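J.: First the structure, which I've put down as structure tokens, then a few questions once you've had a look.
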Amino acid sequence: MFLALRELRFARGRFALMGTVIALISVLVVLLSGLSSGLVNDGVSGLKAMPATAFAFDEGTMKDNAFSRSVIDDEQLKTWQNADDVAAAEPMGVNIVNGVTDDGTQIDLTLFGVEPDGFLSPAVSTGEQLGAVAGIIVSEPLRDEGVELGSVVILDRLDLELTVIGFTEGQATFGHVDVAYLPIDTWRLMAAGLAEPGAPTQDQIDEMDFGYASVVAILAEEGVSIDFATIDVTAETTTMTLTESFNASPGYEAETLTLSMIQFFLYAICALVVGAFFMVWTIQRSHDIAVLRAMGASSRYLVRDSLTQAAILLVGFTVVGVAAGIGMGAAMPDAMPFDLEFEPIAIASGLTILLGMLGATIAVLRITRIDPLRALGGQR
Amino acid sequence: MNDHTTPSLEITDVVLELGDGESRVRALDEVSLTVMPGEFAAIVGPSGSGKSSLLAIAGAMARPDRGTVHVHGTDVSKLSKSATTRFRLRNIGFVFQSGNLIPSLTAADQLRLAGRLAGDRHVDVETLLGSVGMAHRAKHRPGQLSGGERQRVGIARALVNTPSLLLVDEPTAALDRRRSHEVVALLADRAHNANVAVVMVTHDRDVLEHCDRIFEMVDGRLSVHALVN
């Protein structure tokens with residue numbers, strides 16, 4: 001470290017330039033990570049919050065948009081409810097609707113029809129629990145649209161009137177649309193085409209004979225893994241675990257793959273740029289290294305010293321870049337889906353450092369090939 | 001360590017060939033040389049005569065094709081590669097052309113680094129720099145030193161780990177006449193007072209008056225110089 005630190009100070013201009021590039025890459029990595037988390041949350045935070053282990057879709061449903069496309073009947077639901085290792089299986093109805101609030105604001109909602117007493121029933125931050133036939137629990141950020149407790153949402157075309165009775169804990173969105181939880185029976189009323197203009201009533205529900213839903217939400221017994229494949233055959237369904245099911249939400253796969261690819265390129269660029277810098281730096285001082293080796297410095301000492309130098313440079317400027325990125329991220333406009341989450345940022349900055357070190361290591365290993373004999377003779 | 005009975009450098013019948021096939025040349029041809037502690041030996045000769053090859057052999061940076069090289073009693077041609085590096089660190093000091101100091105280090109740090117390489121964190125920098133008349137320039141980097149000053153720091157650096165053999169490569173190449181004499185006189189002083197064997201390669205015949213023994217290298221053959229003093 002003796003030489004490493006003194007070289008950093010001596011060639012501070014060169015190192016600062018390199019460091020700026022590393023910092024800028026880290027800023028970009030943080031912003032992308034935030035955007036990625038933001039998009040994921042915007043896309044599937046409604047699903048992420050669910051305590052379900054897996055979802056069973058009707059067999060043969062196309063994977064993209066599977067939640068609103070799939071239709072399952074009572075038989076399939078019962079098969080799952082009676083299957084081994086399944087703690088609970090509940091129907092869930094999903095569709096995306098447009099509506100107008102009573103103050104005239106147009107909003108989009110993803111309706112999640114769930115059993116009010118079931119395990120899917122959402123945790124409520126303010127207001128009442130799910131239960132009332134015409135009552136919906138909506139995603140917290142809808143407050144920004146002027147929605148409040150008691151607001152009435154009129155669904156387009158059906159003129160069905162639903163009243164906001166509670167807000168979820170935090171954001172609940174699906175396919176970038178805010179979620180509204182409602183009782184599965186109310187959802188069925190709509191799905192069956194029996195909803196009449198005005199608020200839905202218990203009488204209408206009692207008269208209904210309609211046992212369909214979109215998917216079966218499955219909760220496994222603690223510490224047990226369900227044999228999905230076997231049950232799928234009997235129930236004529238296709239099961240995806242909670243995480244797999246994210247891909248069944250609109251646009252999710254396209255967004256995450258695009259962002260992952262950009263991030264992947266950034267890491268590669270980081271490795272190459274840092275590698276190229278240390279390659280040039282090592283060549284530039286190869287005469288000095290030859291002198292040191294002639295003096296009796298071991299390759300190990302010289303390589304370790306150079307790697308320490310690279311580590312100081314990378315860690316230092318990555319921290320600067322991450323801090324700047326977080327600062328910039330905090331100032332992002334609300335319209336941009338951007339969430340700063342510790343874990344993805346930690347992983348992203350860790351990867352930046354790791355790949356930078358990889359590049360530096362490959363470059364610095366040249367030291368072992370420098371012949372001490374070069375120290376003799378004139379030319380520098 | 002540096003007793004007077006073991007030669008600091010003992011080269012016996014060394015042959016070194018360089019290049020391949022047609023272009024193969026005999027850089028050292030049956031060369032023998034013995035230098036005792038406290039002796040200052042100079043080797044003169046035209047460029048390409050094999051002077052640098054002799055330094056490389058004596059410094060254990062190249063292995064002879066035939067013959068043996070003993071440094072302070074150790075047969076360096078029998079050491080492994082890493083053992084050679086360690087041996088060089090503790091027993092052989094190098095003074096290079098124009099000092100070859102590390103640009104990023106101050107004069108004092110040049111010496112400290114040499115000490116650290118050998119695991120010594122408490123180099124008496126002041127005394128060492130003082131012994132070459134450079135104590136007042138301890139905090140200066142090579143870029144701020146003159147050619148002669150750089151060479152003095154280079155000599156101090158070579159002596160940090162109290163080697164028994166000091167190998168000096170064209171120390172006066174970039175210096176004017178007066179400074180050349182000062183630097184070579186300093187080497188003679190170190191040889192005689194620090195009891196180190198010094199082998200200096202040079203083509204500067206002006207400075208030979210400071211040396212105890214003078215050899216001439218011509219086409220890979222070493223002979224005692226005609227104007228022995």
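No lab work stands behind these numbers, since they all come straight from the coordinates. Because the structure is predicted, anything quoted here is derived from the model rather than measured. All Cβ positions, glycine included, derive from the backbone under ideal geometry; neighbour counts span all protein chains shown.
J.: Would you tell me the mean number of C-beta atoms belonging to other protein chains that fall within 10 Å of each C-beta in A:12-24, as a whole number? Spell out each step's value before the answer.
T.: Numbers: counts 0, 0, 0, 0, 0, 0, 0, 0, 0, 0, 0, 0, 0.
Shielding by partners across A:12-24 averages 0.
J.: Inside 10 Å of the C-beta atoms of A:293-304, what's the mean count of C-beta atoms belonging to other chains?
T.: Numbers: counts 3, 13, 17, 18, 8, 5, 3, 2, 4, 1, 0, 0.
That average works out to 6.
J.: Let me ask you something else. So if I place +1 on the C-beta of Lys and Arg and -1 on the C-beta of Asp and Glu, and nothing else carries charge, what would the dipole magnitude of segment A:245-355 be about its Cα centre? I want it in debye, nearest 20. Kindly include the intermediate steps, with their values, before the conclusion.
T.: Details: 4 positive and 8 negative charges, 169 e Å.
I would put it at about 820 debye.
J.: Under the classification rounded if a/c is under 1.5, otherwise prolate if a/b is larger than b/c and oblate if not, where does segment B:1-83 fall, given a ≥ b ≥ c as square roots of the Cα gyration tensor eigenvalues? Write down the numbers at each step before the final one.
T.: Details: a/c = 2.43, a/b = 1.49, b/c = 1.63.
Oblate.
J.: What does the charge dipole of chain A about its Cα centre add up to, to the nearest 20 debye, if the Cβ of each Lys and Arg holds +1 and the Cβ of each Asp and Glu holds -1?
T.: On the way: 19 positive and 47 negative charges, 1034 e Å.
With only Lys, Arg, Asp and Glu charged at Cβ, the dipole is about 4960 debye.
J.: Let me ask something else about it. Work out Dmax and Rg for the protein assembly as shown from the C-alpha atoms and quote the Rg first, both in angstrom.
T.: 40.1, 128
J.: So if we plug the beta-carbon distance of B:Ala185 and A:Val273 into 1/(1 + (r/R0)^6) with R0 = 56 Å, what FRET efficiency do we get, rounded to 0.05? All intermediate terms of the calculation are to be shown ahead of the outcome.
T.: On the way: r = 51 Å, r/R0 = 0.91.
That pair, B:Ala185 with A:Val273, gives E of 0.65.
J.: How would you order A:268-276, A:177-185, A:49-57 from highest to lowest mean count of nearby Cβ atoms within 10 Å? Kindly include the intermediate steps, with their values, before the conclusion.
T.: On the way: A:268-276: 18.4, A:177-185: 24.2, A:49-57: 21.7.
The densest-packed peptide leads the list: A:177-185, A:49-57, A:268-276.
J.: Note down the nm distance, to one decimal, between modelled labels 7 Å out along Cα→Cβ at A:Ala346 and at A:Glu253.
T.: Once both label points are built, they end up 3.1 nm from each other.
J.: Looking at the protein assembly as shown, what % of its DSSP beta bridges pair antiparallel, to the nearest 5?
T.: Numbers: 54 of 82 bridges.
Looking only at bridges with both residues in the protein assembly as shown, the antiparallel portion is about 65 percent.
J.: Using alpha-carbon positions, what is the distance between the centroids of segment A:159-181 and segment A:76-126, in Å?
T.: 10 Å
J.: Tell me, in nm to one decimal, what length is gained between A:Phe119 and A:Gln81 on full extension, where the rule is 0.36 nm per residue of separation less the Cα-Cα distance?
T.: Details: separation 38, 0.36 × 38 = 13.68 nm, distance 1.34 nm.
Length gained between A:Phe119 and A:Gln81: 12.3 nm.
J.: Suppose R0 equals 45 Å; then what is the FRET efficiency for A:Thr230 and A:Gln129 from their Cβ-Cβ distance, rounded to the nearest 0.05? Numbers along the way, then the final one.
T.: Working: r = 36 Å, r/R0 = 0.79.
Efficiency, rounded to the nearest 0.05: 0.80.
J.: Hey, fewest Cβ within 10 Å first, where do A:Arg188, B:Arg24 land in order?
T.: Working: A:Arg188 21, B:Arg24 10.
By the 10 Å Cβ count, ascending: B:Arg24, A:Arg188.
J.: Can you find, among B:Ala27, B:Leu208, B:Ala108, the residue sitting farthest towards the positive end of the charge dipole of chain B, where Lys and Arg contribute +1 and Asp and Glu -1 at Cβ?
T.: It is B:Ala108, whose Cα lies furthest towards the positive end.
J.: To continue, here is another question. Which residue, A:Val152, A:Val21, A:Val233, tops the fluctuation ranking in a GNM of chain A built on C-alpha contacts under 10 Å?
T.: Sorting by GNM fluctuation, first place goes to A:Val233.
J.: Calculate, for B:His140 and B:Thr5, the FRET efficiency according to 1/(1 + (r/R0)^6) with r their C-beta to C-beta distance and R0 45 Å; round to the nearest 0.05.
T.: Details: r = 41 Å, r/R0 = 0.92.
Rounded to the nearest 0.05, the efficiency is 0.65.
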